[in-house]
């Protein structure tokens with residue numbers, strides 16, 4: 001440890017607890033991986049108990065590893081495309097250097113993916129289109145670029161709050177991070193609460209198969225910020241945060257650049273917008289876990305109610321929106337809510353960004369109408385499938401697993417409900433027939449188990465139990481009869497604290513329903529016997 | 001626990017109308033109405049946590065059941081403990097048992113095992129990654145077996161919320177989560193003062209007393225004798241746990257409802273009881289005879305000898321040649337009487353107590 005460096009750095013670190021994660025990140029980058037001594041040094045400097053800093057450090061995947069560590073993505077798409085072999089190869093060639101297998105790195109369009117420090121391999125290319133709402137086809141290098149394409153029009157026009165609510169409601173825009181809460185209602189609810197209020201942008205994109213927020217931030221960061229500034233103005237917040245996942249290094253640079261631009265243009269006068277960088281924990285994408293993380297504690301979800309719109313960051317009303325959600329707002333205000341809603345198809349409202357990866361020719365992120373079918377997305381945007389399609393995950397790990405029969409189902413919440421699935425974050429992952437749904441499911445449950453925060457029993461143990469049941473089944477053994485598996489799934493869905501544990505049963509139940517033969521050994525579900 | 005004073009509200013509990021002070025935790029309100037809701041991570045000394053989920057109950061209007069240990073009674077609330085709740089309790093118990101490798105490391109009561117017995121539930125399997133890294137501590141008083149831990153974090157929260165110290169940490173995430181003294185150090189290398197409060201908060205006995213004597217017999221078979229701690233004037237109430245066979249004190253416990261200490265003890269009160277049966281302990285007054293040896297005698301005779309000796313020294317050499325040393329183990333009233341004795345009876349100002357150092 002370079003003590004001299006540490007001493008100078010410590011003098012520079014703010015002591016408020018909300019800076020803990022940021023401080024630890026800086027110590028990691030400038031001094032080295034956080035070991036017990038560094039953890040204690042930060043704790044003593046910030047006047048926090050050493051044990052509590054230890055708890056925070058150990059919660060995140062990356063604070064204890066060097067910044068140049070090699071990370072091999074073992075998310076489902078990478079796994080399907082040979083990540084395990086790649087990991088073994090990297091470990092062999094690593095010459096003693098640490099090589100980590102990590103959960104989805106958010107570059108599924110390039111799978112299989114390795115990150116050496118901040119550098120992504122293979123080289124990043126964006127495959128996207130010029131949709132009417134986000135127009136990702138051309139990247140904005142500067143604010144001038146952004147303005148030249150009609151950017152800032154909504155912010156400059158400064159519509160009345162009442163009109164904004166009207167447009168948001170008419171647009172049908174609902175949270176695009178996965179939970180799908182109507183955005184207009186959320187904005188209205190937070191604005192009604194007693195100030196001070198905060199805005200937090202959820203840029204902790206970690207849902208396997210989901211790359212859309214990265215595309216927005218890497219290509220059109222100003223677009224997200226325009227949405228964010230509109231939100232801040234709407235709820236009269238002077239402080240706002242963007243919580244960005246650590247793995248998105250390019251997005252980090254782009255966001256900081258865009259913030260500089262906005263600052264120079266005077267658009268941040270009287271406002272304080274900060275970037276908070278995570279440290280490797282999927283669960284921090286859960287909104288209350290994110291708030292805990294921002295407040296310098298372990299990223300463990302809070303009990304709800306109360307909801308963040310009432311009791312959020314530092315106990316104040318907080319508006320939390322996903323990156324993509326905010327990116328659509330300028331277009332909604334410029335086009336008008338109804339016109340934007342009319343961009344949808346088959347009765348669905350508006351458009352969204354679809355991350356399409358796996359066994360397709362042109363994996364990428366495409367804007368397409370809500371209500372599109374998987375076939376339209378795969379053939380119309382992603383260049384068609386490379387292989388016979390065996391299974392499809394429509395929207396991230398907890399959204400479910402669909403059979404090829406579902407290729408022509410309109411991807412809306414209601415239509416998918418009939419299939420027992422959800423639309424989630426619209427991270428469409430296409431798997432070939434050679435990749436068994438059983439393996440996909442086992443990997444999904446392993447992911448949930450690994451990323452559970454541990455706080456509640458049904459999530460911490462339930463997911464590991466389900467992974468065990470599937471791993472045993474792959475070996476032809478029955479760890480638990482179907483009836484009991486269903487009891488566990490029900491307990492997970494009903495009694496888990498947050499969406500991670502509550503959502504984990506969906507892919508299991510989907511797979512039971514669509515591939516019953518694979519699970520026949522577990523016996524019959526009592527309900528189906530009756 | 002007595003209910004908080006405040007406005008009374010009426011709510012429905014399993015179809016019956018019930019009254020409770022507004023804001024009372026559901027788990028307490030239900031208990032007062034005769035409905036026992038099991039809890040593992042709940043501790044009245046700590047802020048509601050809602051982690052183990054054992055206490056979930058149905059609440060009308062909520063899309064999912066809510067933890068009774070963290071939900072407060074409100075006017076008109078409709079609460080149900082009978083629909084899906086019993087099955088949730090059984091399943092959650094199964095889950096906890098699936099990573100509960102060592103249910104009885106130190107003979108302390110294990111609430112999870114009790115619950116499993118009550119519900120007649122067994123582990124369907126043991127998780128392949130249930131085994132945790134063993135932990136060995138060089139301190140003499142407390143042992144810890146991570147394999148008996150259910151991660152309810154009562155111990156960690158006790159250190160943070162009650163003792164305000166940094167001794168234990170909930171480290172890691174997901175399957176790698178574990179509770180250890182901070183950084184996995186020995187307790188002696190943390191801020192720990194070995195008060196044993198974490199031990200008393202642990203529902204499964206994962207943290208336990210590390211004595212050569214008394215660990216073979218489960219705590220429940222010991223006879224409890226309630227008494228007042230003799231170590232200082234605070235007057236903590238505690239239970240001496242006596243092995244009924246040997247009639248020896250083998251451990252000290254305390255209960256949350258005991259006055260003045262609420263079940264909390266310090267390192268002396270909880271662990272330093274071996275003087276009771278120590279062979280060097282004086283149990284009778286002794287007076288040195290003309291032969292130069294100490295002889296057992298009566299209190300009356302012993303006090304006479306002491307009084308005569310003190311009076312002789314005072315009369316021959318003056319009162320300032322006598323000093324009075326009081327003990328930290330005395331009460332305030334006793335210490336007052338001693339200094340009074342020194343100043344007025346003997347006439348010295350040389351009075352000291354080891355509390356002052």
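The values are calculated or read from the model by the stated rules, or taken from the named source; none is laboratory data. Small disclaimer: the values here were computed from a predicted structure and weren't measured. When we count neighbours, we look across all protein chains shown, and the Cβ atoms used for this are built from the backbone with ideal geometry, even at glycine.
Across the range A:405-416, what is the number of residues that are under 20 Å from residue A:437 (Cα atoms) and either surrounded by fewer than 17 Cβ atoms within 10 Å (Cβ to Cβ) or in contact (Cβ under 8 Å) with a residue 24 or more places away in the chain (or both)? Before the answer, list the steps.
Initially, the range A:405-416 is screened for residues under 20 Å from residue A:437 (Cα atoms), giving A:405-409, A:416.
If we keep only those that are either surrounded by fewer than 17 Cβ atoms within 10 Å (Cβ to Cβ) or in contact (Cβ under 8 Å) with a residue 24 or more places away in the chain (or both) as well, we get A:405-409.
Final tally of qualifying residues: 5.
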- Message: Could you go through the range B:125-143 and let me know if any residue there is touching a residue at least 40 places away in the same chain (Cβ under 8 Å), assigned to a strand (DSSP E or B) and more than 8 Å from chain A (Cβ to nearest Cβ).
- Response: yes
- Note on the structure: When restricted to A:2, A:85, A:40, A:68, the only residue surrounded by fewer than 20 Cβ atoms within 10 Å (Cβ to Cβ) and within 14 Å of another protein chain (Cβ to nearest Cβ) is A:40
- Residue list for the range A:504-514, filter: assigned to a helix (DSSP H, G or I) and either within 12 Å of chain B (Cβ to nearest Cβ) or out of contact with any strand residue (DSSP E or B) (no Cβ under 9 Å at 6 or more places or on another chain) (or both): A:505, A:506, A:508, A:509, A:512, A:513
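Looking only at the range B:106-124, filter to residues that are under 28 Å from residue B:189 (Cβ atoms) and surrounded by 22 or more Cβ atoms within 10 Å (Cβ to Cβ); which one of those is nearest to the other protein chains (Cβ to nearest Cβ)? Working first, answer last.
At the first step, the residues of the range B:106-124 found to be under 28 Å from residue B:189 (Cβ atoms) are B:106-108.
From the residues that got through so far, the ones that are surrounded by 22 or more Cβ atoms within 10 Å (Cβ to Cβ) too are B:106, B:108.
On the way: B:106: 23, B:108: 21 Å.
Step by step, filter the range B:106-124, then rank; the result is B:108.
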- Task: Select from the range A:45-65 the residues that are more than 9 Å from every other protein chain (Cβ to nearest Cβ), closer than 11 Å to residue A:24 by Cβ and within 23 Å of the chain's Cα centre (by Cα) and list them in ascending order.
- Result: A:56, A:62, A:63, A:64
- Item | Residues satisfying the stated conditions in the range B:225-258, i.e. farther than 15 Å from residue B:269 by Cβ and in contact with a strand residue (DSSP E or B) (Cβ under 8 Å, 6 or more places away or on another chain) | B:242, B:243, B:244, B:248, B:250
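Report yes if some residue within the range B:145-160 is at negative phi, in contact (Cβ under 8 Å) with a residue 12 or more places away in the chain and part of a strand (DSSP E or B); otherwise report no.
We begin by selecting, within the range B:145-160, every residue at negative phi; these are B:145-150, B:152, B:154-160.
From what's left, in contact (Cβ under 8 Å) with a residue 12 or more places away in the chain: B:145-150, B:152, B:154-159.
After this cut, where a residue has to be part of a strand (DSSP E or B) as well, the list is none.
No: zero hits.
State whether one or more residues within the range B:198-209 are in contact (Cβ under 8 Å) with a residue 40 or more places away in the chain, under 30 Å from residue A:59 (Cβ atoms), within 14 Å of chain A (Cβ to nearest Cβ) and in contact with a strand residue (DSSP E or B) (Cβ under 8 Å, 6 or more places away or on another chain).
Quick first cut of the range B:198-209, residues in contact (Cβ under 8 Å) with a residue 40 or more places away in the chain only: B:198-209.
Then drop every residue that is not under 30 Å from residue A:59 (Cβ atoms), which leaves B:198-208.
So of that shortlist, the ones also within 14 Å of chain A (Cβ to nearest Cβ) come out as B:198, B:203-204.
Then drop every residue that is not in contact with a strand residue (DSSP E or B) (Cβ under 8 Å, 6 or more places away or on another chain), which leaves B:198.
Yes, that holds for at least one residue.
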- Quick one: in the range A:461-472, of everything that is touching a residue at least 12 places away in the same chain (Cβ under 8 Å) and at the interface with chain B (Cβ under 7 Å from one of its Cβ atoms), which residue is farthest from the chain's Cα centre (by Cα)? A:465
- Query: How many residues, within the range B:322-338, are assigned to a helix (DSSP H, G or I), over 32 Å from the mean Cα position of the chain (by Cα) and either assigned by TED's automatic domain parsing to the domain that holds residue B:232 or crowded, with 16+ Cβ neighbours inside 10 Å (or both)?
  - Reply: 1
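State yes or no: is residue A:296 closer than 19 Å to residue A:26 by Cα, buried (at least 21 other Cβ atoms within 10 Å of the Cβ) and touching a helix residue (DSSP H, G or I) at 6+ places or on another chain (Cβ under 9 Å)?
Values: closer than 19 Å to residue A:26 by Cα: yes; buried (at least 21 other Cβ atoms within 10 Å of the Cβ): no; touching a helix residue (DSSP H, G or I) at 6+ places or on another chain (Cβ under 9 Å): yes.
Against the criterion (closer than 19 Å to residue A:26 by Cα, buried (at least 21 other Cβ atoms within 10 Å of the Cβ) and touching a helix residue (DSSP H, G or I) at 6+ places or on another chain (Cβ under 9 Å)), residue A:296 does not qualify.
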- Could you figure out which of (1) surrounded by fewer than 24 Cβ atoms within 10 Å (Cβ to Cβ); (2) within 20 Å of residue A:180 (Cβ to Cβ); (3) touching a strand residue (DSSP E or B) at 6+ places or on another chain (Cβ under 7 Å) isn't true of residue A:274? (2)
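For the range B:228-244, how many residues are part of a loop (DSSP other than H, G, I, E, B), out of contact with any helix residue (DSSP H, G or I) (no Cβ under 6 Å at 6 or more places or on another chain) and in contact (Cβ under 8 Å) with a residue 24 or more places away in the chain?
Looking only at the range B:228-244, we keep the residues that are part of a loop (DSSP other than H, G, I, E, B), and these are B:229-236, B:244.
Subsequent filtering for residues that are out of contact with any helix residue (DSSP H, G or I) (no Cβ under 6 Å at 6 or more places or on another chain) retains B:230, B:232, B:234-235, B:244.
Okay, now just the ones that are also in contact (Cβ under 8 Å) with a residue 24 or more places away in the chain, so B:230, B:232, B:234-235.
Within the range B:228-244, residues that are part of a loop (DSSP other than H, G, I, E, B), out of contact with any helix residue (DSSP H, G or I) (no Cβ under 6 Å at 6 or more places or on another chain) and in contact (Cβ under 8 Å) with a residue 24 or more places away in the chain number 4.
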- Output the strands (runs of 3 or more DSSP E) that fall wholly within the range B:15-117 and possess 2 or more residues being touching a residue at least 60 places away in the same chain (Cβ under 8 Å), more than 19 Å from residue A:496 (Cβ to Cβ) and not assigned by TED's automatic domain parsing to the domain that holds residue B:127, or say none. B:78-80
- Query: Quick one: would you say residue A:282 is under 20 Å from residue A:452 (Cα atoms) and not assigned by TED's automatic domain parsing to the domain that holds residue A:396?
  - Reply: yes
- residue B:188 meets each of (1) in the same structural domain as residue B:247 (by TED's automatic domain parsing); (2) in a helix (DSSP H, G or I) with one exception, condition (1)
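Among the residues of the range B:186-197, write down those that are closer than 21 Å to residue A:38 by Cα, surrounded by fewer than 24 Cβ atoms within 10 Å (Cβ to Cβ), touching a residue at least 12 places away in the same chain (Cβ under 8 Å) and more than 8 Å from every other protein chain (Cβ to nearest Cβ).
As a first pass, look at the range B:186-197 and keep what is closer than 21 Å to residue A:38 by Cα: B:186-192.
With the extra rule that they be surrounded by fewer than 24 Cβ atoms within 10 Å (Cβ to Cβ), the set shrinks to B:186-191.
Those still in the list that are touching a residue at least 12 places away in the same chain (Cβ under 8 Å) too: B:186-188, B:190-191.
Within the range B:186-197, B:186, B:187, B:188 qualify.
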- Selection from the range A:88-109 of residues that are assigned to a helix (DSSP H, G or I) and either without any contact (Cβ under 8 Å) to a residue 12 or more places away in the chain or buried (at least 23 other Cβ atoms within 10 Å of the Cβ) (or both): A:88, A:89, A:91, A:92, A:93, A:108, A:109
- Task: Please enumerate the residues belonging to the range B:144-185 that are more than 9 Å from every other protein chain (Cβ to nearest Cβ), in contact with a helix residue (DSSP H, G or I) (Cβ under 7 Å, 6 or more places away or on another chain), over 13 Å from residue A:54 (Cβ atoms) and surrounded by 21 or more Cβ atoms within 10 Å (Cβ to Cβ).
- Result: B:154, B:155, B:158
- Every residue from the range A:481-503 that is more than 10 Å from chain B (Cβ to nearest Cβ) and in a loop (DSSP other than H, G, I, E, B): A:498
- For the range A:280-293, enumerate the residues that are surrounded by 23 or more Cβ atoms within 10 Å (Cβ to Cβ) and within 10 Å of another protein chain (Cβ to nearest Cβ). A:281, A:282, A:283
- Determine if the range A:492-500 includes at least one residue that is over 29 Å from the mean Cα position of the chain (by Cα) and in contact (Cβ under 8 Å) with a residue 12 or more places away in the chain. no
